[in-house]
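> One structure, pasted below without further comment.
The values are calculated or read from the model by the stated rules, or taken from the named source; none is laboratory data. This one's a predicted model, so the numbers in the text were calculated from it and none came from an experiment. Virtual Cβ from ideal backbone geometry, glycine too; neighbours counted across all protein chains shown.
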Amino acid sequence: MATNSATLNSSSGKTARLEARITKQQKAFFMRAAQLAGLSLTDFVVASAQENASRALRDHDAMVLSDRDRKAFVAALLTAPKPSTRLRKAVQRYKARQQRGTNVR
């Protein structure tokens, strides 16, 4: 899922709220970090949450294969079996429907 960070950072349309209960120590910790970054506490927390969310989604969406699995995957792509008769007929039906303009389902 690709998300445009400019859309996520846009100040227009910010109507949703996010609340969290934190300790006094956490608030002081976050405030100090926000000040060092030159951001408001809200902007710092939102930017940090967005960065972590992006990383989590990117890590989830990435396919990481071991060397053995990568070799097996590439080999399967390079030595794909020939299409069966049933598959070839399905392709012919699909192409015929496309030429007639029939909705394919």
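Here's the yes/no breakdown for (1) modelled with pLDDT of 90 or more; (2) out of contact with any helix residue (DSSP H, G or I) (no Cβ under 9 Å at 6 or more places or on another chain):
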| position | (1), (2) |
| --- | --- |
| MET1 | no, no |
| THR7 | no, yes |
| LYS14 | no, yes |
| ALA20 | yes, no |
| GLN25 | yes, yes |
| ARG32 | yes, yes |
| GLN35 | yes, no |
| THR42 | yes, no |
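> For region 33-66, give me each residue that is part of a helix (DSSP H, G or I), without any contact (Cβ under 8 Å) to a residue 12 or more places away in the chain and either touching an Asp or Glu at 6+ places or on another chain (Cβ under 9 Å) or loosely packed, with under 12 Cβ neighbours inside 10 Å (or both).
Result: ALA34, LEU36, ALA37, THR42, GLU51, ASN52, ARG55, ALA56, ARG58, ASP59, HIS60.
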